[in-house]
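Below: one structure, written as structure tokens.
The values are calculated or read from the model by the stated rules, or taken from the named source; none is laboratory data. Everything numeric here is computed off the predicted structure, so don't read it as measured data. Because the Cβ atoms are built from the backbone with ideal geometry, glycine has one as well, and the counts that use them run over all protein chains shown. For the accessible areas, the whole protein counts, side chains as well, though only heavy atoms, and no ligand, DNA or RNA atoms are used. Shrake-Rupley method; radii C 1.70, N 1.55, O 1.52, S 1.80 Å.
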Amino acid sequence: FFCCHSMDDATLVPPVFESSLSKSFIWYTVALALLVSVVVWSLAVVLISSSEKNMAAGLPSRLYFRQLLAGEHVATTPKAQQDGILFHIARQMVNYMYVVGDAQTKQAVVVDACWDVDSVMRIAQKDGMTVTSAVATHYHFDHIGGALPKKMGVPIELNIPGFKELNENYELPL
């Protein structure tokens, strides 16, 4: 179901379609990923400006924004030997994940949550937030999970927890 990352052309494609994908589909995917990124960041800018205006007026901010770094905030305490290898790679990848939401309604979305989705969800819950969905800025293995590419040089097959686990374990719409 999930994909492998091709280091040659910097795209993420499902292995089933790898040989038959057209360049137009790849460009469409890249354009869609860029659009999602722009929308997420635009929303963050609007929420931050709104929050700053509210704070200047003495009103409470409604923005909840939590930035999580793999290897620092999540993917830190391995439960098994495979997790230790995976978390070591996560630290090297320097991936950020975000939980963005409304502090008043306590609803949030996770952005690019992978490597250690249970910790991402636990942090949001500890902060009193209910995660209602997940979004990705783009579809690389280090942002949505899936199989670690063989080109990374790891001698064993590793699966990075991500969107699949968010959907299966937490029933989040993606």
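Filter the stretch 70-104 down to residues that are more than 24 Å from V135 (Cβ to Cβ) and of a type in the set (G, A, S) and give me whichever is surrounded by the fewest Cβ atoms within 10 Å (Cβ to Cβ). Applying the filter and picking the extreme gives A80. Here L158 passes the criteria (1) at pLDDT below 90; (2) more than 23 Å from L34 (Cα to Cα); (3) open to solvent by 20 Å² or more (accessible area, probe 1.4 Å); (4) among the hydrophobic types (A, V, I, L, M, F, W, C) except the one numbered (3). Within the stretch 162-174, residues that are farther than 18 Å from D83 by Cβ sit with their Cβ atoms under 8 Å from residues that are in a helix (DSSP H, G or I) and polar (S, T, N, Q), at 6+ positions apart or across chains, in these pairs: P173/N167; L174/N167.
Taking strands (runs of 3 or more DSSP E) as the structural unit, those lying wholly within the stretch 63-174 and holding at least 3 residues that are out of contact with any Cys (no Cβ under 9 Å at 6 or more places or on another chain) and β-branched (V, I, T) correspond to 107-111, 130-135. Summed over the stretch 111-144, residues that are at positive phi and buried (at least 23 other Cβ atoms within 10 Å of the Cβ) total 2. Scanning the stretch 161-170 for residues that are under 10 Å from A134 (Cα atoms) and either of a type in the set (D, E, K, R) or open to solvent by 60 Å² or more (accessible area, probe 1.4 Å) (or both) turns up just one, N167.
The C-beta contact set for the stretch 91-110 (first residue of a type in the set (K, R), second residue part of a strand (DSSP E or B) and open to solvent by 40 Å² or more (accessible area, probe 1.4 Å), distance under 7 angstrom, 6+ apart or interchain) comprises K106/T130.
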